[in-house]
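Asks: Mind looking over this structure? Questions follow.
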Ligand SMILES: Nc1ncnc2c1ncn2[C@@H]1O[C@H](COP(=O)(O)OP(=O)(O)OP(=O)(O)O)[C@@H](O)[C@H]1O
Ligand SMILES: [Mg+2]
């Protein structure tokens with residue numbers, strides 16, 4: 001059964017059940033009121049008969065009693081018959097008025113009136129009350145009520161049916177669209193979206209589906225990037241090593257000193273490539289640790305300024321070769337709570353990026369600022385450059401693994417990297433309890449800022 005049919009059937013059943021309950025309650029109340037009215041009418045009839053008997057006894061007029069009873073029969077159609085028995089001086093004089101109808105539900109009642117002035121005179125009237133006639137007004141009003149309830153029920157059922165069809169229609173169409181979307185995702189069309197705006201559960205479901213689809217597309221892209229990075233970053237240094245080895249062998253075989261020098265130069269190149277390979281494998285191992293939640297940093301009070309100087313010194317030859325200089329603008333030398341090796345790794349990644357994306361005419365610097373925040377003292381460290389910057393869309397996915405901006409393919413000479421550096425930076429900084437954020441725009445340079453707790 002479809003959701004649409006289920007919802008309509010359930011709504012109609014609910015309406016029928018509530019209507020039946022409402023009708024049952026109303027009829028019950030109506031019956032109780034009717035029963036009270038019938039009893040009152042029966043009491044009034046009995047009073048009227050007794051009154052007529054008393055009058056006739058006082059007037060000593062048997063005929064008057066009969067004509068009054070006749071009048072009562074017209075007034076109260078429930079009065080079915082009356083047997084009158086006059087008693088006088090030990091004699092009885094019966095009178096009859098009407099006969100009980102056959103098949104009618106008639107209950108008999110009795111009125112006995114003695115003459116207060118003459119003890120041997122009395123009149124006794126046995127009269128029948130037709131219960132069906134007595135209760136007929138009650139039954140009529142009950143029928144009227146049932147007719148009204150049925151009409152109200154029919155109208156609400158129609159309105160309910162239309163509303164249920166409307167709600168079920170929109171629900172079914174969204175679920176259908178989600179089903180189509182899930183089918184497309186299962187066929188590999190990752191990243192598809194469904195446009196639907198509402199604050200209810202359906203809206204939430206659609207939003208979750210859209211996020212899931214985007215996330216799957218991102219994971220798929222990361223997987224593709226991973227495969228191409230691994231292939232490239234393994235193949236190119238290994239290829240270099242493989243091609244330099246026979247050349248070195250050839251040069252070493254020559255007695256020429258110039259050839260020997262070239263062989264040494266080739267050995268240096270092999271070393272650079274092995275270092276590159278080593279760095280890539282270390283990065284991959286770090287990523288595996290992060291993914292498994294096993295990246296641990298042991299925090300100790302560390303003097304920050306010497307770490308910066310050491311890293312800048314490490315980059316000096318490379319920066320000089322690029323026609324750049326890394327400016328040290330570290331303000332003071334506060335103690336920070338840090339894992340020295342990991343903080344060094346963060347600085348190395350950030351300065352390597354700054355040098356990679358800054359042309360010879362530009363500037364690269366490191367600056368610090370001390371801030372009180374979240375009840376503690378923090379050191380904010382910024383690695384800035386005046387380089388090529390990046391597009392907003394690249395900035396948005398900067399800290400995701402294997403994500404590289406368009407600026408890599410456009411303007412990086414030499415090894416392009418794998419897009420793991422900032423992902424590792426973020427994980428390390430967060431392990432230190434700090435935060436990392438980036439500001440960048442095309443042609444306006446980049447500033448990456450991270451925070452470390454000051455050791456107080
Ligand atoms: N200082 C910067 N200026 C411009 N773009 C940057 C800068 N730093 C990072 N990016 C952009 O962010 C991307 C991700 O940087 P990340 O350090 O994670 O990877 P990578 O440098 O490309 O490779 P890897 O660090 O693994 O060798 C870069 O590819 C680049 O597009
Ligand atoms: Mg990098």
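Asks: Could you tell me which of the residues 355, 422, 395, 347 is surrounded by 15 or more Cβ atoms within 10 Å (Cβ to Cβ) and more than 44 Å from the chain's Cα centre (by Cα)?
Replies: So the residue among 355, 422, 395, 347 that is surrounded by 15 or more Cβ atoms within 10 Å (Cβ to Cβ) and more than 44 Å from the chain's Cα centre (by Cα) is 355.
Asks: Of everything in region 342-362, what is away from ligand 1 (no atom under 12 Å from the Cβ) and at pLDDT below 95? Give them in sequence order.
Replies: Scanning region 342-362 gives 360, 361.
Asks: Are any residues in region 115-147 assigned to a strand (DSSP E or B) and either without any contact (Cβ under 8 Å) to a residue 24 or more places away in the chain or within 18 Å of residue 77 (Cα to Cα) (or both), and if so, which ones?
Replies: Passing the criteria: 125, 126, 127, 128, 129, 130.
Asks: Then there is this: I'd like to verify a number: residues in region 103-120 that are at pLDDT 90 or above and closer than 20 Å to residue 68 by Cβ, how many?
Replies: Selection size over region 103-120: 7.
Asks: Which members of region 413-442 meet the condition of being within 14 Å of ligand 2 (Cβ to nearest atom) and assigned to a strand (DSSP E or B)?
Replies: Of everything in region 413-442, those that are within 14 Å of ligand 2 (Cβ to nearest atom) and assigned to a strand (DSSP E or B) turn out to be 436, 438, 440.
Asks: Where the second residue is assigned to a loop (DSSP other than H, G, I, E, B) and the first is closer than 17 Å to residue 132 by Cα and lies in region 73-96, which pairs have Cβ atoms under 7 Å and are six or more apart or on separate chains?
Replies: Sorted first by the residue in region 73-96, then by its partner, the pairs are 73/98; 80/98; 80/100; 80/101; 80/104; 81/98; 81/99; 81/100.
Asks: Can I ask one more? Six or more apart or on different chains, Cβ under 8 Å: which pairs go from a residue in region 184-197 that's not assigned by TED's automatic domain parsing to the domain that holds residue 209 to one that's part of a loop (DSSP other than H, G, I, E, B) and surrounded by 15 or more Cβ atoms within 10 Å (Cβ to Cβ)? Could you list them?
Replies: 184/192; 185/192
Asks: Can you name every residue in region 399-420 that is over 14 Å from residue 225 (Cα atoms) and either near ligand 1 (Cβ under 9 Å from one of its atoms) or outside the structural domain of residue 356 (by TED's automatic domain parsing) (or both)?
Replies: 399, 407, 412, 415 - these are the residues of region 399-420 that are over 14 Å from residue 225 (Cα atoms) and either near ligand 1 (Cβ under 9 Å from one of its atoms) or outside the structural domain of residue 356 (by TED's automatic domain parsing) (or both).
Asks: Oh, and also: Name the single residue that is farthest from residue 288 (Cα to Cα) among those in region 385-411 being within 12 Å of ligand 2 (Cβ to nearest atom) and in a helix (DSSP H, G or I).
Replies: The qualifying residue farthest from residue 288 (Cα to Cα) is 407.
The values are calculated or read from the model by the stated rules, or taken from the named source; none is laboratory data. None of the values given here were measured: they were computed from a predicted structure. All Cβ positions, even for glycine, are placed from backbone atoms using ideal geometry, and neighbour counts span all protein chains on display.
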